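To start, the structure under review is shown below, and the notes come after it.
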Amino acid sequence: MDGIININKPSGITSFDVIRKLRKILKIKKIGHTGTLDPLASGVLVVCVGKATKLVQDIEKLEKEYIAEFQLGYSTDTYDSEGKIIDSVENFSVSSEKLEECLKKFLGNIKQIPPMYSAIKINGEKLYDLARKGETIEREARDITIYDLSLLEFDGKKAKIYCKVSKGTYIRSLIYDIGMELKTFATMTSLERISVGSENIKNSFTLEKIEELHSNKDFSFIRTVEEYFKYPSLIISTEKNKTLFLNGNTLVVNNTNDGFYKIYFEGTNEFLGLAYVSSNRLKGYKYY
């Protein structure tokens, strides 16, 4: 079983819990997700199975969309409502107009300091392991991009926002920084990831639905790599070139535009993998 699954992760479990449950349902060990969702968060978790696990990093780097809710007036050590309150203020006044102006300041290419409670490793140790020991260390700001950030609801204290962001963006940190910019505090109270690249919450599958389909030998929940990537096709016409391609060699292809392609073998129309063409040179990208 090789392919890609768009899972609707429920809140209350970790991303690895999803992998563990899938391994039990599908009876396969080689499964990897393409971007962690915190236990509090729900929504799209794209999972690669079998040989498709080679593409985890490629899907992980795609743009993501979220609906997030937060509350002004307090902050926690985890930057979300599951953490310990470390700062709070009772008297503050923030209008919808002021919040909308604040959100505009975060649009575009910005620097973001990741939270201590994250899986980022520094000197071989995960930040959340250090945080659980009560340690706080300096973290280097990272380059991220906020493509869209808009206010959906606000009652003066609780807000709901939509955001479209690049890989590596922590919505918890974004909300924390919004609170700082407003000269108060802000804590994320819920988060739903509604898309990863072309994968949307509307065509996702719950774990329960996957288990039901799998028990009936219905594998419509999994898409092959060939189906998933909408690249144009390119044909390799000889056994020699097929072997060279599968062994990682660069091939010469004339009159071919630069870009990604799905590679097929002319003799059998067999899908061989993905490749990138640059200056009429075809280099195998991923093989199956």
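Examine region 118-138 for a residue that is under 21 Å from Thr34 (Cβ atoms), touching a helix residue (DSSP H, G or I) at 6+ places or on another chain (Cβ under 9 Å) and touching a residue at least 24 places away in the same chain (Cβ under 8 Å), and state whether such a residue exists.
yes
Candidates are the residues of region 70-79 that are open to solvent by 10 Å² or more (accessible area, probe 1.4 Å) and modelled with pLDDT of 95 or more; the one that is farthest from Ser150 (Cα to Cα) is Tyr74. Tallying residues that are farther than 24 Å from Ser93 by Cβ and not in a strand (DSSP E or B) within region 136-171 yields 12. The sole residue among Glu227, Glu266 that is under 20 Å from Ile59 (Cα atoms), of a type in the set (D, E, K, R) and in contact with a strand residue (DSSP E or B) (Cβ under 9 Å, 6 or more places away or on another chain) is Glu227. Whenever a residue of region 22-37 is under 20 Å from Ile59 (Cα atoms) and among the small types (Gly, Ala, Ser), its partners that are modelled with pLDDT of 95 or more and assigned to a helix (DSSP H, G or I), lying with C-beta atoms within less than 9 angstrom and at least six residues away or across chains, give the pairs Gly32/Ile19.
Table: residues versus (1) of a type in the set (D, E, K, R); (2) surrounded by fewer than 16 Cβ atoms within 10 Å (Cβ to Cβ); (3) part of a helix (DSSP H, G or I).
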{"residue": "Ile5", "(1), (2), (3)": "no, no, no"}
{"residue": "Asn8", "(1), (2), (3)": "no, no, no"}
{"residue": "Phe16", "(1), (2), (3)": "no, yes, yes"}
{"residue": "Ile19", "(1), (2), (3)": "no, no, yes"}
{"residue": "Leu22", "(1), (2), (3)": "no, no, yes"}
{"residue": "Leu40", "(1), (2), (3)": "no, no, no"}
{"residue": "Leu45", "(1), (2), (3)": "no, no, no"}
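With respect to Ala159, determine if the residue is of a type in the set (Gly, Ala, Ser), loosely packed, with under 15 Cβ neighbours inside 10 Å and under 30 Å from Asn200 (Cα atoms). So Ala159 fails the test. The set of residues in region 47-69 that are of a type in the set (Lys, Arg), outside any strand (DSSP E or B) and either at pLDDT 95 or above or within 21 Å of Leu149 (Cβ to Cβ) (or both) contains only Lys61.
The values are calculated or read from the model by the stated rules, or taken from the named source; none is laboratory data. Bear in mind the structure is a predicted one, so any value in this text is a computation, not a measurement. For neighbour counting, all protein chains shown are included, and Cβ atoms are generated from backbone atoms with ideal geometry for every residue, glycine included. Note: areas computed on protein heavy atoms with side chains; ligands, DNA, RNA excluded. Shrake-Rupley method; radii C 1.70, N 1.55, O 1.52, S 1.80 Å.
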